[in-house]
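To start, the structure itself, in structure tokens.
The values are calculated or read from the model by the stated rules, or taken from the named source; none is laboratory data. Fair warning: this is a prediction, and the values are worked out from it, not measured in the lab. As a convention, Cβ positions derive from the backbone with ideal geometry for all residues, glycine included, and neighbour counts pool all protein chains shown.
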Amino acid sequence: MARIYANRGLTKRQNFSTVVVIGSILLGCFELWRAATVAPEEVGSGYLFAALFLGGGAYGARQVLMGSLDTVVALDLGSAREATIVLWRPFTTKRIEGPVEKLSDWRPYAKPVRRNLRQPMVLADHPDYPRPLEFEVGQGIQIDDAFKTLAGEALAGLETSAAGPAR
């Protein structure tokens, strides 16, 4: 199998974010336990800190998961046109295998990251996955010529759009 697309930094970034979120939730649980076990006059702002850390952890978990569950980490192509698509999951991956021809409806997309910042991406549909697969395009992303052949029109659409050039 030849790797025709690789987003190596995604796994490290998202797993680090997951660790931070888990730490926040654990700190919120600790603050809640501490506030519940001390005398009422010593509680102070313990419940407030617990609510802030638990709420922040829940919001962070939602952002990390919803923002990257559909993002492709790698796409491998075998000699018989068999493709292996690797998706990010917290501390693991999900694999989708099958003929590369199942990937269809390639299209450019500019994913909003912040108010004035958009991440150029290429979306593709696969019948074995319920939502569009997201392929990040930009610096640090390894894109082989075979991937450029598969997603040629979508990559060309990114080059001509306001999303910026595909690299």
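Restricting to segment 34-58, count the residues that are among the β-branched types (Val, Ile, Thr) and in a helix (DSSP H, G or I). Walk me through it before giving the result.
To start, the set of residues in segment 34-58 that are among the β-branched types (Val, Ile, Thr) comprises 37-38, 43.
Right, trim to in a helix (DSSP H, G or I) and you get 37.
Qualifying residue count, segment 34-58: 1.
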Q: Pull up segment 130-150, narrow it to residues that are without any contact (Cβ under 8 Å) to a residue 60 or more places away in the chain and touching a Lys or Arg at 6+ places or on another chain (Cβ under 9 Å), then point me to the one that is nearest to Val86 (Cα to Cα).
A: Val137
Q: List the strands (runs of 3 or more DSSP E) that sit entirely inside segment 79-167 and contain at least 3 residues that are in contact with a strand residue (DSSP E or B) (Cβ under 9 Å, 6 or more places away or on another chain), surrounded by 15 or more Cβ atoms within 10 Å (Cβ to Cβ) and at pLDDT 85 or above.
A: 82-89, 104-114, 117-125, 133-136
Q.
Against the conditions (1) surrounded by 14 or more Cβ atoms within 10 Å (Cβ to Cβ); (2) in a loop (DSSP other than H, G, I, E, B), where does Gly67 fall short? Just the number, please.
A. (2)
**Q.** Selection from segment 27-50 of residues that are loosely packed, with under 13 Cβ neighbours inside 10 Å and at pLDDT 90 or above
**A.** Trp33
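Here is a yes/no grid of residues against (1) under 20 Å from Gly23 (Cβ atoms); (2) within 10 Å of the chain's Cα centre (by Cα):
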position: Ala61; (1), (2): yes, no
position: Leu65; (1), (2): yes, yes
position: Leu69; (1), (2): no, yes
position: Ala74; (1), (2): no, no
position: Ala80; (1), (2): no, no
position: Thr92; (1), (2): yes, no
Q: Search segment 24-39 for residues that are farther than 10 Å from Leu54 by Cβ and pair each with any residue that is of a type in the set (Ser, Thr, Tyr) when their beta-carbon atoms are under 7 Å apart and the residues are at least 6 apart or on different chains.
A: Ala35/Tyr47
Q | Single unsatisfied condition, Ser17 versus (1) touching a helix residue (DSSP H, G or I) at 6+ places or on another chain (Cβ under 8 Å); (2) without any contact (Cβ under 8 Å) to a residue 60 or more places away in the chain; (3) in a strand (DSSP E or B) | A | (3)
